[in-house]
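Data block below; observations after.
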Amino acid sequence: MQLTGADRRLQDLGIQLPVAPTPFGPYVETVQTGNLLFFSGMLPVVDHKPKYVGRLGKELDTAAGRDAAYTAALGVLAAAKEHLGSLDRVTRVVRLGVFIATSGDFFDQPKVADAVSDLFRDVFGIEKMAVRLVIGVASLPLGMPIELDVIFEVAE
């Protein structure tokens, strides 16, 4: 099968998507209504286990935060591909919300969030970039440092 668009860029970047994440509770990972695909808060998990636990500025540094954000973003892409069949159906990354658990005196939130923005730009192209919201919080589910809130626009 000849790959095009986002699926091809993933291959060209050498990115192997993980298995799509599964819920930690009574909810689903994706819901599509019309041409919008909403994602449950995506966490940095590998094989249904936290890859990182802790807060940035205390237990974790900026590099760990960036890797946690990137890991969560791979989960978004895996869930999208499972739902859509192909990432080529994504016509726009509408919104990217990055929630970061911090110790309170951590101020590199934008640098951490850039790991996700950069991945989505590289996969979908700069013309499909999202609006972005980056917020530092006291804690996130299961003690993880990152949670992503993402909405994609998709083709029928």
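Derivation of every value follows stated rules applied to the coordinates shown; laboratory data play no part. In this text, all values refer to a predicted model and were calculated from it rather than measured experimentally. Don't worry about glycine lacking a Cβ; one is built from the backbone with ideal geometry, like all the others, and counts go over all protein chains shown.
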So what's the back-of-envelope 222 nm ellipticity for the chain, counting only DSSP H runs of four-plus at -39500 (n - 2.57) apiece and dividing by all residues, rounded to 500? -10000 deg cm²/dmol
Out of every Cα-Cα pair in the chain, what percent are more than 28 Å apart? 16 percent
Please report the antiparallel percentage of the DSSP beta bridges confined to region 1-141, to the nearest 5. 40 percent
Of 50-57, 70-77, ordering from highest average Cβ density within 10 Å down gives 70-77, 50-57
Under the 0.36 nm per residue contour assumption, what length would be gained going from the current alpha-carbon distance of Gln16 and Thr62 to full extension? 14.2 nm
In the structure shown, of Lys81/Lys128; Lys51/Lys128; Lys58/Lys111; Lys58/Lys81, the pairs separated by more than 26 angstrom at the C-alpha atoms are Lys51/Lys128; Lys58/Lys81
If amide hydrogens are placed 1.01 Å from N in the peptide plane, which non-local residues have theirs closer than 5 Å to the one on Ile146? Ala101
Once Val131 and Val31 are pulled to full extension, the length gained, defined as 0.36 nm per residue separation minus their Cα-Cα distance, is 34.0 nm
How big is the dipole moment of region 51-156 about its Cα centre under a simple scheme where the beta carbon of each Lys and Arg is +1, that of each Asp and Glu is -1, and everything else is neutral? Debye, nearest 20, please. 60 debye
